[in-house]
1. Considering only DSSP states other than H, G, I, E and B, which trypsin sites (Lys or Arg not before Pro) in the stretch A:36-98 qualify as loop sites with at most 11 other Cβ atoms within 10 Å?
2. Separation between the B:Asn67 and B:Asp26 pseudo-spin-labels, each 7 Å from Cα along Cα→Cβ, expressed in nm?
3. Would you please give the residues with an amide H less than 5 Å from that of B:Glu15, counting only those at least 5 places away or on a separate chain, with H modeled from the backbone geometry?
4. Take every Cα pair under 8 Å in chain A that's 6+ residues apart, average their separations, divide by the length, and report that relative contact order as a whole percent.
5. Filter the chymotrypsin sites (Phe, Trp or Tyr not before Pro) in the stretch B:44-103 down to the DSSP loop ones having no more than 13 other Cβ atoms within 10 Å, then list what survives.
6. If one computes the Cα centroid of the stretch A:1-27 and of the stretch B:48-76, what distance in Å separates the two points?
7. Between B:Ser110 and B:Lys55, what FRET efficiency follows from the Cβ-Cβ distance if R0 is 25 Å, with the result rounded to 0.05?
8. Too long at a 31 Å Cα-Cα cut-off: which of A:Lys66/B:Lys55; A:Lys55/B:Lys96; A:Lys64/B:Lys70; A:Lys64/B:Lys78?
Amino acid sequence: GAVVSQHPSWVICKSGTSVKIECRSLDFQATTMFWYRQFPKQSLMLMATSNEGSKATYEQGVEKDKFLINHASLTLSTLTVTSAHPEDSSFYICSARDPSGRRTGELFFGEGSRLTVL
Amino acid sequence: AQTVTQSQPEMSVQEAETVTLSCTYDTSESDYYLFWYKQPPSRQMILVIRQEAYKQQNATENRFSVNFQKAAKSFSLKISDSQLGDAAMYFCAYRKSNTGNQFYFGTGTSLTVIP
């Protein structure tokens, strides 16, 4: 079964509004979660690394004021797309690794969130 | 910097036949993990198979196996007895084992299974 859950799966919003996407680890505590963006038929682009209890680490070129990440607990990270514009429309995927060592090395992915900005 | 290259954007295979997806990577590390992930049309990525670089034996998971050539930095995925449900995007990924968090993904191979 899924060990990382993402919500919502689909979201449509008007330009200028903000959208929050949640990512939860279901059966392990994730001190670190990763947020990716995926364009159609392309690979995953790492946007940021979310660290529990501290600031996220953003990849070069990713606007941290536009893509707000909060990792307030060991099982929840949120990505908020602020003042969304049509060019922000994309598929956003979160992931996490189980640090306990039970499943060495594997990265678990959420179901993904399709954002459409009108 | 680590890079992962998948040189086959698209592949097709006849149902019940065997197909091999290619992946090469670049690293100066000696210890790392390699993965193949599958992203079906439902879009959730799932792990297909994993290989630890220190293991010489190629990983196998049922119909899926890898050909890991460490010196050549090659990590191909073989799918035997292909099934319609194998149709998906396949991503090769690399992770350095010690610092551990960042994964590097290839650009993906879209696999079509022909009935």
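None of the figures in this text is laboratory data; all of them are computed from the coordinates on show. What you see is a predicted model; the values in this text were computed from it and never measured. So basically every Cβ, Gly included, is an ideal-geometry build from the backbone, and we count neighbours across all protein chains shown.
1. Details: sites: A:Arg37, A:Lys41, A:Lys55, A:Lys64, A:Lys66, A:Arg97; in loops: A:Lys41, A:Lys55, A:Lys64, A:Lys66.
Those that pass, being in a loop and sparsely packed, are A:Lys41.
2. With each label placed 7 Å out from Cα toward Cβ, I get 2.3 nm.
3. The list, which skips near neighbours in sequence, is B:Ile114.
4. On the way: 296 pairs, mean separation 43.2, N = 118.
Worked out over chain A, it gives 37 percent.
5. Details: sites: B:Tyr54, B:Phe64, B:Phe68, B:Phe75, B:Tyr90, B:Phe91, B:Tyr94, B:Phe103; in loops: B:Tyr54.
Of the chymotrypsin sites (Phe, Trp or Tyr not before Pro), the ones in loops of the stretch B:44-103 whose Cβ has at most 13 other Cβ atoms within 10 Å are B:Tyr54.
6. If you average the Cα positions of each part, the centres end up 33 Å apart.
7. Numbers: r = 29 Å, r/R0 = 1.16.
Result of the calculation: an efficiency of 0.30.
8. Numbers: A:Lys66/B:Lys55 43 Å; A:Lys55/B:Lys96 23 Å; A:Lys64/B:Lys70 38 Å; A:Lys64/B:Lys78 40 Å.
Long pairs (Cα-Cα over 31 Å): A:Lys66/B:Lys55; A:Lys64/B:Lys70; A:Lys64/B:Lys78.
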